[in-house]
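Please treat every number below as a calculation from the coordinates, not as lab data. Bear in mind that the values here come from a model prediction, so they are computed numbers and not experimental data. Backbone-built Cβ (ideal geometry, glycine too); neighbour counts: all protein chains shown.
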Amino acid sequence: MKPVKIYTTTYCGYCVRAKDLLKRKGVSYQEIDVTGDDTAREKLVELSGGQRTVPQIFIGDTHVGGYTDLARLDQEKRLEPMLQG
């Protein structure tokens, strides 16, 4: 399974939803909390092509987007194949 990274903040409801979706799927992930961490936030903006919002989710080297994008992939049955690579 490809590694999953999710950039979050402590006050983000969509971050909670994204993590819950991944947990329900049995997907382990690395969480990077960018709350108050300007260096981590800058790295997130760089990796995501300019996105400043959270969550930002990466599967392997692929930038998935936010919670809505993750949920859409799941609904369209494209998330699991993406995780498998």
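Quick look at the values:
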| quantity | calculated |
| --- | --- |
| Cα-based Lys pair tally, region 4-84, threshold under 16 Å, eight or more apart or on separate chains | 5 |
| Relative contact order (percent, whole number), the chain, Cα cutoff 8 Å, 6+ residue spacing | 37 percent |
| Counted charge near Tyr7, where neighbours are those whose Cβ lies closer than 9 Å (Asp, Glu -1; Lys, Arg +1) | +1 |
| Two-site label geometry, Thr35 and Asp61: point separation in nm, points 7 Å out along Cα→Cβ | 3.3 nm |
| Dipole magnitude (debye, nearest 20) for the chain, charges at Cβ of Lys, Arg, Asp, Glu | 340 debye |
